[in-house]
Amino acid sequence: MNYIEYNIHVTGPEEGEIVIAELSDMGFESFSDYLPDGFMPGAGSIKCYIPANVEADSSNHTRIQNYLYNEGYPYEREEIQQQNWNAEWESQFEPISIQGGTCYIRAPFHPAHSAPYEIVIMPKMSFGTGHHATTYLMAEQMLALDFNGASVLDMGSGTGILSILAAMRGAVVVDAVDIDEWAYENCLENIQTNNVQTVVCPILGDVSAIHGKVYDIILANINRNILLNDMAQYTESLRKGGLLLVSGILDLDVDTLVGHARKLGLTPTATNTRDGWAQITFQKA
């Protein structure tokens, strides 16, 4: 599968986060960190990646172009071949340390590291290497919770990084659900690498794949619109007293998510933010 790279020029990291949030709802799957321009203060860019076949949809293509034009964002567009994409990720991927080194995320080509939870992720096309603030926030909150003996759902699992951490933390069953075939295949590879294949079960599908199932903990690092649309199903699939961890939202969306969750019988127990993004933990009454 080929991807399209949009190199979008913005005036700073906060504006870049707004663009990322908007494009997440248009089929874009991965994003680079904000890169400042070394010659023009206050200027920089972000790289945004979308599957070529998703961008090719005429209505979606028009929506993307209209958004960038109407908001006045200059950009360059380039088709990225699969092998070049992988090489690009490998060249940029650096290890991540979470909670003072309690959790250490690295690629197979990095040296091994002594940490209570060392996760090895092959950084291919799937979202979720730990670099993005939302993945970081989810992993950080997971370290504060008890997963021993828990049944877990990782919705929008991407690389499987949160599923792997849940298994390492003591979960006995983890369903890793993602709608993207490449994410499904990457998750299969990563759970084998981390020796959690007997606990984590990758599933190719959407929220309908969990109908009739019940979990102790649900992880959903997706985006605002999908969270609002699917939260009723998450609530139905969560046991009484169970926890729902969500992210993929900007901090300005917290009140909207909390208000919607309360109507479903979910109570917020923790809210954390990082670089303009937010993570919320809810408990089912």
If I ask for residues that are farther than 21 Å from GLN233 by Cα, modelled with pLDDT of 95 or more and of a type outside the set (A, V, I, L, M), which ones from the stretch 165-189 would you list? ARG169, GLY170
Out of the residues in the stretch 250-275 that are without any contact (Cβ under 8 Å) to a residue 40 or more places away in the chain and of a type in the set (A, V, I, L, M), state the one that is farthest from THR135 (Cα to Cα). LEU264
One residue is enough: does the stretch 36-44 have a residue meeting the conditions at pLDDT 85 or above and part of a helix (DSSP H, G or I)? no
Among residues of the stretch 123-142 being open to solvent by less than 30 Å² (accessible area, probe 1.4 Å) and more than 17 Å from VAL246 (Cβ to Cβ), the residue modelled with the lowest pLDDT is SER126
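Being assigned to a loop (DSSP other than H, G, I, E, B) and either at pLDDT 95 or above or closer than 17 Å to ASN221 by Cβ (or both) is true for just one of LEU153, LEU162, LEU145. Which residue is that? Let's see the steps before the verdict.
Details: LEU153 fails: assigned to a loop (DSSP other than H, G, I, E, B); LEU162 fails: assigned to a loop (DSSP other than H, G, I, E, B).
Only one candidate passes the filter, namely LEU145.
Mind counting the residues in the stretch 231-249 that are in contact (Cβ under 8 Å) with a residue 12 or more places away in the chain and either farther than 13 Å from GLN283 by Cα or not in a strand (DSSP E or B) (or both)?
Quick first cut of the stretch 231-249, residues in contact (Cβ under 8 Å) with a residue 12 or more places away in the chain only: 231-235, 237-249.
Filter once more, keeping what is either farther than 13 Å from GLN283 by Cα or not in a strand (DSSP E or B) (or both): 231-235, 237, 247-249.
Adding up the residues that qualify gives 9.
Can you name every residue in the stretch 254-285 that is within 16 Å of ALA220 (Cβ to Cβ), in contact with a helix residue (DSSP H, G or I) (Cβ under 7 Å, 6 or more places away or on another chain) and either open to solvent by 20 Å² or more (accessible area, probe 1.4 Å) or among the aromatic types (Phe, Trp, Tyr) (or both)? Step through it out loud before you land on a result.
At the first step, the residues of the stretch 254-285 found to be within 16 Å of ALA220 (Cβ to Cβ) are 254, 256-258, 260-261, 264, 266, 268-272, 277-284.
When the remaining residues are screened for being in contact with a helix residue (DSSP H, G or I) (Cβ under 7 Å, 6 or more places away or on another chain), the result is 257, 260-261, 264, 266, 268, 270-272, 277-282, 284.
Result: HIS260, LEU264, PRO268, ALA270, THR271, ASN272, TRP277, PHE282, LYS284.
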Of the residues that make up the stretch 234-246, is at least one surrounded by fewer than 18 Cβ atoms within 10 Å (Cβ to Cβ) and closer than 18 Å to GLY156 by Cα? yes
Boolean, ASP251 is within 20 Å of SER151 (Cβ to Cβ), surrounded by fewer than 22 Cβ atoms within 10 Å (Cβ to Cβ) and of a type outside the set (A, V, I, L, M): no
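I need the full set of residues from the stretch 184-222 which are part of a helix (DSSP H, G or I), open to solvent by less than 20 Å² (accessible area, probe 1.4 Å) and touching a residue at least 60 places away in the same chain (Cβ under 8 Å), in order please.
ASN186, CYS187, ASN190
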Examine the stretch 10-24 for a residue that is outside any strand (DSSP E or B), open to solvent by 10 Å² or more (accessible area, probe 1.4 Å), at pLDDT below 80 and hydrophobic (A, V, I, L, M, F, W, C), and state whether such a residue exists. no
Can you find a residue in the stretch 59-82 that is at pLDDT below 90, open to solvent by 70 Å² or more (accessible area, probe 1.4 Å) and assigned to a helix (DSSP H, G or I)? yes
Among the numbered criteria (1) modelled with pLDDT of 90 or more; (2) open to solvent by less than 50 Å² (accessible area, probe 1.4 Å); (3) closer than 28 Å to ILE18 by Cα, which one does PRO95 miss? (1)
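The values are calculated or read from the model by the stated rules, or taken from the named source; none is laboratory data. Fair warning: this is a prediction, and the values are worked out from it, not measured in the lab. All Cβ positions, glycine included, derive from the backbone under ideal geometry; neighbour counts span all protein chains shown. Note: areas computed on protein heavy atoms with side chains; ligands, DNA, RNA excluded. Shrake-Rupley method; radii C 1.70, N 1.55, O 1.52, S 1.80 Å.
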